[in-house]
Structures are given as C-alpha cells and as structure tokens.
1. Anything in segment 27-44 that is part of a loop (DSSP other than H, G, I, E, B) and open to solvent by 40 Å² or more (accessible area, probe 1.4 Å)? List them, or say none.
2. Would you point out the residue of segment 45-58, among those that are open to solvent by 20 Å² or more (accessible area, probe 1.4 Å) and outside any helix (DSSP H, G or I), that is nearest to Tyr75 (Cα to Cα)?
3. Could you please find all residues in segment 65-93 being within 15 Å of the chain's Cα centre (by Cα) and either charged (D, E, K, R) or open to solvent by 100 Å² or more (accessible area, probe 1.4 Å) (or both)?
4. Return the pair list, or none, for Cβ contacts closer than 6 Å from residues in segment 69-84 that are within 21 Å of Leu49 (Cα to Cα) to residues that are part of a loop (DSSP other than H, G, I, E, B), at least 6 apart or on different chains.
5. Mind listing whichever residues of segment 1-37 are under 17 Å from Val56 (Cβ atoms) and modelled with pLDDT under 95?
Amino acid sequence: MRCDKLDKEALVMNERRILIAPYEGNAPFIFVSYSHRNRDDALSIVERLQKDGYRVWYDEGIHPGSEWDEYIAQYVANCSLFLALLSEEYLLS
C-alpha cells in the first residue's frame, strides 16, 4: 500500500513538471532562481507566472548530460529578468 502511495505521488510530481515546462526559445523570458529545498513554493510561483502569460525558465529546463554551470550561465545572460526567490535555504546554499 505504501508503494502505491509513493507511485501516485511521483506521478503527480511528473504531471506537474510537464504542466510547468520551462521556456525554450528566443523571446524575452524570466529566469527563476531558487533553493531546491523550496521547490514546491518555487513551482507554484513559476506556474502562476506562466498562467499570467510570462515565459519562465528554471532549472528543470537543463537537458541531461549538459554542463550545469554553463547551461545556467547561458540562461542568466539571456534572460530579460532574473527573479531570485530568497529564503533562508537559498542564502545558505
């Protein structure tokens, strides 16, 4: 029974990731930086921004096998707005 609950929770997380796909393209976008410890709150903000019509990129958009630091630097350099979701966890990371 516990396995079924975990499987359902994983499915919901995967569905949410699909619904909150990071922006990919050349138009202006918002880069969202956050602590992974605050992931649920960050995803809620990203989701709201997208619903309001904003293009948002966050680190779920990093393709497997990519150089993490280089990929992030590229998106930071190209974003129109950098939004840091500050929290105690963010400042300690």
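1. Across segment 27-44, the qualifying residue is only Pro28.
2. Narrowing segment 45-58 to residues open to solvent by 20 Å² or more (accessible area, probe 1.4 Å): 45, 47-55.
Remaining after also requiring outside any helix (DSSP H, G or I): 52-55.
Working: Asp52: 21, Gly53: 19, Tyr54: 16, Arg55: 13 Å.
Applying the filter and picking the extreme gives Arg55.
3. Answer for segment 65-93, where residues must be within 15 Å of the chain's Cα centre (by Cα) and either charged (D, E, K, R) or open to solvent by 100 Å² or more (accessible area, probe 1.4 Å) (or both): Trp68, Leu86.
4. Every condition considered, the pairs that remain are Cys79/Phe29; Ser80/Pro28.
5. Answer for segment 1-37, where residues must be under 17 Å from Val56 (Cβ atoms) and modelled with pLDDT under 95: Arg16, Arg17, Ile18, Leu19, Ile20, Ala21, Pro22, Tyr23, Glu24, Gly25, Asn26, His36.
The values are calculated or read from the model by the stated rules, or taken from the named source; none is laboratory data. From a predicted model like this one, the values you see are computed outputs, not experimental measurements. Cβ sites come from the backbone with ideal geometry, for glycine too, and all protein chains shown count toward neighbours. With ligands, DNA and RNA removed, areas are computed over all heavy atoms of the protein, side chains included. Shrake-Rupley method; radii C 1.70, N 1.55, O 1.52, S 1.80 Å.
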